[in-house]
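See structure below.
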Amino acid sequence: MIDREKLKLAIKMFLEAIGEDPNREGLRETPERVVRMWEEFERMREFDFKLFEEYGNYNEMVVVKDIYFGSFCEHHLLPFVGKVHIAYIPRDRVCGLSKLVRTVRAFSLRPEVQERLTQRIANFIEEELNPKGVGVIIEAEHLCMSLRGVQTPGHLTVTSALRGIFLKDQRTREEFLKIVKGA
Ligand code: ZN
């Protein structure tokens, strides 16, 4: 649960600390707005993980590409935003595509690092679907780097997590990469 009063006070103090007047018109409601936003993120993270359905034999690769996402770099609390691509080869279970989108959201709307987020999504799909393999690729721009000129704006950091057949079989991995690149 979000501690409303604590967060409100923290945002007000943050504004003061960086030399802003938290009582000026544009900022007066900012602590309350930030609180409401994080409460909204908290609600968006909740989703019924049990909604995965049992299915028959289906051996083809399932790919959902270009899932838009945003998360918060836990080192600077600035957003990193981009796309997640997910693929898996089912064993006996598949899930609705929207479940993958909601999985991404559930894991990303909190302070994170991109590498760990990639691993967490892959681990979760592996646990829930018990697939023959899963691959997750995240491409994201980190505003903490772009804004400081450490990287040029639009520069993408790419991370991947491969499990099962995606790790063992080069052809499976290449097929996934080909689909992601749109070739
Ligand atoms: Zn950062």
ask   = In whole angstrom, and with the biggest value first, how far do the Cα coordinates of the stretch 59-183 range along each principal axis?
value = 46, 28, 22
task = Could you order His85, His76 so the one with the most accessible surface comes first? Probe is 1.4 Å.
result = His76, His85
query = Hey, in the GNM for the chain with a 10 angstrom Cα cutoff, which one of Pro90, Pro131, Pro153 fluctuates hardest?
reply = Pro153
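Can you sort Val150, Val104, Val81 by 1.4 Å-probe accessible area, starting with the largest? Could the numbers behind the result be given before it?
Details: Val150 90, Val104 5, Val81 45 Å².
Sorted by accessible area, descending: Val150, Val81, Val104.
Out of the total accessible area of the chain (probe 1.4 Å, heavy atoms of protein only), what percent is carbon and sulfur? Each step should come with its number before you reach the end.
Working: 5700 of 10800 Å².
Accessible surface attributable to carbon and sulfur in the chain totals 53 percent.
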Max mean-square fluctuation residue, GNM over the chain, Cα-Cα springs under 10 Å, options Glu20, Glu126, Glu39 = Glu20
inquiry  = With n ≥ 4 as the cut-off for DSSP H runs, can you work out [θ] at 222 nm for the chain, using -39500 (n - 2.57) per run divided by the number of residues, rounded to the nearest 500?
reply    = -13500 deg cm²/dmol
message = Quick check for you: with a 1.4 Å probe and neighbouring chains kept, what is the accessible area per residue of the chain, in Å²?
response = 59
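The values are calculated or read from the model by the stated rules, or taken from the named source; none is laboratory data. Just so it is clear, the model here is predicted, and its values are computed rather than measured. Keep in mind that these areas ignore ligands, DNA and RNA; they rest on the heavy atoms of the full protein, side chains included. Shrake-Rupley method; radii C 1.70, N 1.55, O 1.52, S 1.80 Å.
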